[in-house]
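Just below is one structure, and these are the notes that go with it.
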Amino acid sequence: ALRRVVDAASKVDTWPARVNAGLSAFLHYVASEPALARTCIVEALSAGPAAVDRYERSIQAFVPLFRMGRKVSAKGEELPGTLEETIVGGIFWIIYQRIIMGQAEEIEELLPELVEFSLTPYLGAEAAKRAAAAAEPAAAGS
């Protein structure tokens, strides 16, 4: 999943567009592989210490992708140190909830909301809302 996110994000120029592309690729992956997503995102948390450790390392791997937003933010240095972990954790929690509710196949519909949520601390509410309005789902087969 991380590879798909990085690949999608590397095809666009601006950081907000990278967030959009990366989230889109991740949501598409979850929607297209619901059983695997359930195993990796839901069941891993109760599969023992090694699985939980792998889950935590997976989440942490996404943190640097959001930390890049500090360079485009006028308030980059003032942002809380745990901001990126909070954003990634929030995204995973929303996905976790949708999976356990049996809604993994519809998860791509969350893209605009998750883009706005992710960008707001860096760009401000209005710019994040505009970026979210332009959010486009990943193409089938991404």
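The values are calculated or read from the model by the stated rules, or taken from the named source; none is laboratory data. Quantities reported herein were computed from a predicted structural model and do not represent experimental measurements. Positions of Cβ are backbone-derived with ideal geometry, glycine not excepted, and every protein chain shown enters the neighbour counts. Areas reflect the complete protein model, heavy atoms only, side chains present, ligands, DNA and RNA absent. Shrake-Rupley method; radii C 1.70, N 1.55, O 1.52, S 1.80 Å.
Which shape class, rounded, prolate or oblate, goes with region 16-98 when its Cα gyration tensor gives a ≥ b ≥ c as root eigenvalues, a/c under 1.5 marks rounded, and past that a/b bigger than b/c marks prolate? Intermediate values should be presented prior to the final figure.
On the way: a/c = 2.80, a/b = 1.59, b/c = 1.76.
Note, shape of region 16-98 comes out oblate.
Under 10 Å, Cα contacts only: if you run a Gaussian network model on the chain, which one of G90, G69, G102 comes out with the highest mean-square fluctuation?
Highest fluctuation of the listed residues: G102.
Under unit Cβ charges (Lys, Arg +1; Asp, Glu -1), what dipole magnitude, rounded to 20 debye, does region 49-142 have relative to its Cα centre?
So the dipole magnitude of region 49-142 works out to roughly 320 debye.
Accessible area per residue, 1.4 Å probe, Å², for the chain: what's the number? Don't skip to the end; give the middle numbers.
Working: 7890 Å² over 142 residues.
Spelled out: the 1.4 Å probe surface of the chain, per residue, equals 56 Å².
Tell me which trypsin sites (Lys or Arg not before Pro) from region 1-95 have a DSSP coil assignment and no more than 14 other beta carbons within 10 Å of their own. Don't jump to the answer; show the numbers that get you there.
Details: sites: R3, R4, K11, R18, R38, R54, R57, R67, R70, K71, K75; in loops: K11, K75.
Those that pass, being in a loop and sparsely packed, are K11, K75.
How large, in percent, is the carbon and sulfur part of the accessible surface of the chain at a probe radius of 1.4 Å? Don't skip to the end; give the middle numbers.
Working: 4430 of 7890 Å².
Answer for the chain is 56 percent, counting heavy atoms of protein chains only.
Given Cα pairs under 8 Å that are at least 6 residues apart, what percent is the relative contact order of the chain? Let's see the in-between values first.
On the way: 163 pairs, mean separation 45.8, N = 142.
It rounds to 32 percent for the chain.
Rank I107, L119, S73 by how far each Cα sits towards the positive end of the charge dipole of the chain (+1 on Lys, Arg Cβ; -1 on Asp, Glu Cβ) and give me just the farthest.
The one lying farthest along the dipole's positive direction is S73.
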